[in-house]
Amino acid sequence: QVQLVESGGGLVQPGGSLRLYCAASGIMLRFNAMGWYRQAPGEQRELVASISSSGSTNYADSVKGRFTISRDNGKNTVFLQMNSLKPEDTAVYYCNTIPTRRTYWGQGTQVTVSS
(Lines give C-alpha, C1' and ligand atoms only; values in the text may rest on other atoms or scores of the structure.)
Protein backbone atom coordinates (compact mmCIF):
# COMPACT_ATOMS: atom_id res chain seq x y z
CA GLN A 1 0.00 0.00 0.00
CA VAL A 2 1.38 3.34 -1.07
CA GLN A 3 1.45 6.12 1.48
CA LEU A 4 2.68 9.68 0.89
CA VAL A 5 2.96 11.85 4.00
CA GLU A 6 3.46 15.58 3.66
CA SER A 7 4.89 17.77 6.42
CA GLY A 8 6.75 21.01 7.01
CA GLY A 9 4.00 23.52 6.47
CA GLY A 10 3.17 26.37 8.79
CA LEU A 11 2.57 30.07 9.16
CA VAL A 12 5.25 32.33 7.70
CA GLN A 13 5.52 36.03 6.95
CA PRO A 14 5.77 37.28 3.37
CA GLY A 15 9.34 36.90 2.17
CA GLY A 16 9.97 33.96 4.45
CA SER A 17 10.91 30.38 3.68
CA LEU A 18 9.62 26.89 4.36
CA ARG A 19 10.80 23.41 3.45
CA LEU A 20 8.16 20.79 2.74
CA TYR A 21 8.70 17.05 3.01
CA CYS A 22 6.99 14.16 1.25
CA ALA A 23 7.92 10.85 2.84
CA ALA A 24 6.93 7.76 0.89
CA SER A 25 6.30 4.14 1.73
CA GLY A 26 5.19 1.36 -0.59
CA ILE A 27 6.68 3.13 -3.61
CA MET A 28 10.21 3.94 -4.74
CA LEU A 29 10.18 7.61 -5.58
CA ARG A 30 13.38 7.37 -7.62
CA PHE A 31 11.49 5.38 -10.27
CA ASN A 32 8.58 7.80 -10.53
CA ALA A 33 8.00 11.31 -11.70
CA MET A 34 6.79 13.22 -8.66
CA GLY A 35 5.02 16.50 -8.24
CA TRP A 36 4.12 19.00 -5.58
CA TYR A 37 0.57 20.25 -5.94
CA ARG A 38 -1.33 22.92 -4.06
CA GLN A 39 -4.94 23.85 -3.56
CA ALA A 40 -6.08 27.21 -2.28
CA PRO A 41 -9.60 27.69 -0.90
CA GLY A 42 -12.15 27.80 -3.69
CA GLU A 43 -9.60 26.94 -6.35
CA GLN A 44 -8.60 23.84 -8.25
CA ARG A 45 -5.55 21.86 -7.30
CA GLU A 46 -2.54 22.85 -9.40
CA LEU A 47 0.87 21.38 -10.09
CA VAL A 48 3.62 23.74 -8.94
CA ALA A 49 6.80 21.67 -9.25
CA SER A 50 7.84 18.32 -10.66
CA ILE A 51 10.88 16.09 -10.74
CA SER A 52 11.35 13.23 -13.16
CA SER A 53 12.92 9.88 -12.38
CA SER A 54 16.12 11.19 -14.00
CA GLY A 55 16.08 14.33 -11.85
CA SER A 56 14.85 16.89 -14.37
CA THR A 57 12.73 19.58 -12.77
CA ASN A 58 9.97 21.89 -13.93
CA TYR A 59 8.06 24.68 -12.25
CA ALA A 60 4.89 26.64 -12.67
CA ASP A 61 5.57 30.20 -13.76
CA SER A 62 4.12 31.48 -10.49
CA VAL A 63 6.86 29.81 -8.42
CA LYS A 64 9.79 29.71 -10.84
CA GLY A 65 12.93 31.11 -9.24
CA ARG A 66 11.47 30.85 -5.74
CA PHE A 67 10.71 27.14 -5.25
CA THR A 68 13.08 24.20 -5.65
CA ILE A 69 12.03 20.56 -5.79
CA SER A 70 14.52 17.84 -4.92
CA ARG A 71 14.64 14.19 -3.94
CA ASP A 72 16.67 12.07 -1.52
CA ASN A 73 16.65 8.53 -2.88
CA GLY A 74 18.12 7.07 0.30
CA LYS A 75 15.36 8.56 2.43
CA ASN A 76 12.71 8.00 -0.25
CA THR A 77 11.62 11.59 0.28
CA VAL A 78 10.83 14.52 -2.00
CA PHE A 79 11.35 18.07 -0.79
CA LEU A 80 10.03 21.47 -1.78
CA GLN A 81 12.15 24.41 -0.70
CA MET A 82 10.02 27.54 -0.82
CA ASN A 83 11.69 30.94 -0.61
CA SER A 84 10.41 34.50 -0.98
CA LEU A 85 6.93 33.32 -0.06
CA LYS A 86 3.96 35.44 -1.01
CA PRO A 87 0.42 35.57 0.40
CA GLU A 88 -0.80 33.98 -2.85
CA ASP A 89 1.27 30.88 -2.01
CA THR A 90 -1.17 30.15 0.80
CA ALA A 91 -2.66 26.72 0.16
CA VAL A 92 -2.64 23.10 1.20
CA TYR A 93 0.35 21.41 -0.43
CA TYR A 94 0.31 17.78 -1.54
CA CYS A 95 2.70 15.43 -3.26
CA ASN A 96 1.70 12.76 -5.74
CA THR A 97 3.04 11.00 -8.79
CA ILE A 98 2.79 12.34 -12.31
CA PRO A 99 0.26 11.44 -13.53
CA THR A 100 -1.53 11.45 -10.20
CA ARG A 101 -3.00 8.37 -8.57
CA ARG A 102 -6.27 8.94 -6.76
CA THR A 103 -5.35 6.63 -3.89
CA TYR A 104 -1.99 8.32 -3.32
CA TRP A 105 -3.37 11.64 -2.09
CA GLY A 106 -2.39 12.31 1.50
CA GLN A 107 -3.68 14.86 3.98
CA GLY A 108 -1.40 17.58 2.69
CA THR A 109 0.35 20.25 4.70
CA GLN A 110 -1.04 23.74 5.19
CA VAL A 111 1.11 26.70 4.19
CA THR A 112 -0.11 30.12 5.26
CA VAL A 113 1.76 33.26 4.24
CA SER A 114 0.56 36.24 6.20
CA SER A 115 1.85 39.15 8.20
* Asked: Does residue 62 count as of a type in the set (S, T, N, Q) and closer than 18 Å to residue 17 by Cα?
  -> yes
If you go through 44, 1, the only one that is over 14 Å from residue 90 (Cβ atoms), surrounded by fewer than 19 Cβ atoms within 10 Å (Cβ to Cβ) and in contact with a Gly (Cβ under 6 Å, 6 or more places away or on another chain) is 1
Within region 87-111, of all residues that are touching a Ser or Thr at 6+ places or on another chain (Cβ under 9 Å) and open to solvent by 20 Å² or more (accessible area, probe 1.4 Å), the one nearest to residue 53 (Cα to Cα) is 98
The condition of being modelled with pLDDT under 95 and either within 15 Å of residue 32 (Cβ to Cβ) or among the polar types (S, T, N, Q) (or both) holds, among 96, 73, only for 73
Filter region 36-86 for residues that are of a type in the set (A, V, I, L, M, F, W, C) and either in a loop (DSSP other than H, G, I, E, B) or more than 12 Å from the chain's Cα centre (by Cα) (or both); the one that is farthest from residue 11 (Cα to Cα) is 60
Going through region 12-35 in order, the residues found to be part of a loop (DSSP other than H, G, I, E, B) and more than 16 Å from the chain's Cα centre (by Cα) are 13, 14, 15, 16, 26, 27, 28
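The values are calculated or read from the model by the stated rules, or taken from the named source; none is laboratory data. Remember, it's a predicted structure, so these values are computed and weren't measured experimentally. Cβ: placed from backbone, ideal geometry, glycine included. Neighbour counts: every protein chain shown. Side chains are part of the model used for accessible areas, which takes the heavy atoms of the whole protein and leaves out ligands, DNA and RNA. Shrake-Rupley method; radii C 1.70, N 1.55, O 1.52, S 1.80 Å.
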